[in-house]
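Engineer: Next up is a structure, given as structure tokens.
What follows is calculated from the coordinates using simple rules that are stated; it is not laboratory data. These numbers were taken from a predicted model, which means no experiment stands behind them. Here the Cβ positions follow ideal geometry from the backbone for every residue, glycine too, while neighbour counts run over all protein chains shown.
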């Protein structure tokens, strides 16, 4: 069993949780870049991109080389290798458990399953005609008008008595 540093794994997973930071890592996987080159495709300020870079740097996922006034950012794969090993170990664990479950279910499954018929056989009827379907009360649109009682409606143009 491999011993992992929980703090470094937590930092790496936290850094990878953000889509902007994952996009930055994908860009750095192609080649090193300056901060402004990394910020260019994003619709955010340079300080906001710098905060993302600081999170990635604290997780050990990138390194910064200062050349004069320019900061060149380089991908560091060591934490990603540790994450990959951790994921692989857990994948093997769950894969073996799921294989055992699949085997158990195959062994305990009834040999012949009875299924319900898709279409029930027609019932014998003396009439060959089908009954007409009547719509339910809820199938009509809108509210049903209330029926008025005889003599309870006023006429619009008649003066009140």
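Engineer: Extension gain residue 109-residue 10, at 0.36 nm per residue separation less the Cα-Cα distance, in nm?
Structural biologist: Extending this stretch completely gives an extra 31.5 nm.
Engineer: Taking the Cα-to-Cβ direction at residue 44 and at residue 91 and moving 7 Å from each Cα, how far apart do the two end points lie in nm?
Structural biologist: Placing both labels 7 Å beyond Cα along the Cβ direction yields 2.8 nm.
Engineer: In nm, what is the difference between 0.36 nm times the number of residues separating residue 81 and residue 54 and their Cα-Cα distance?
Structural biologist: Details: separation 27, 0.36 × 27 = 9.72 nm, distance 2.00 nm.
Fully extending the segment from residue 81 to residue 54 adds 7.7 nm.
Engineer: Suppose R0 equals 22 Å. What FRET efficiency, 1/(1 + (r/R0)^6) with r the Cβ-Cβ distance, do residue 20 and residue 67 give to the nearest 0.05? Numbers along the way, then the final one.
Structural biologist: Working: r = 25 Å, r/R0 = 1.12.
After rounding, the FRET efficiency stands at 0.35.
Engineer: Mind sorting 62, 87 by how few other Cβ atoms lie within 10 Å of their own Cβ, fewest first?
Structural biologist: Fewest-to-most ranking of 62, 87: 87, 62.
Engineer: Sorted by mean Cβ packing within 10 Å, highest first, what order do the peptides 90-102, 29-41, 71-83 take?
Structural biologist: 71-83, 29-41, 90-102
Engineer: Continuing with this model, one more query. Quick one: 103, 51, fewest Cβ neighbours within 10 Å first, how do they rank?
Structural biologist: Neighbour counts put them in this order, fewest first: 103, 51.
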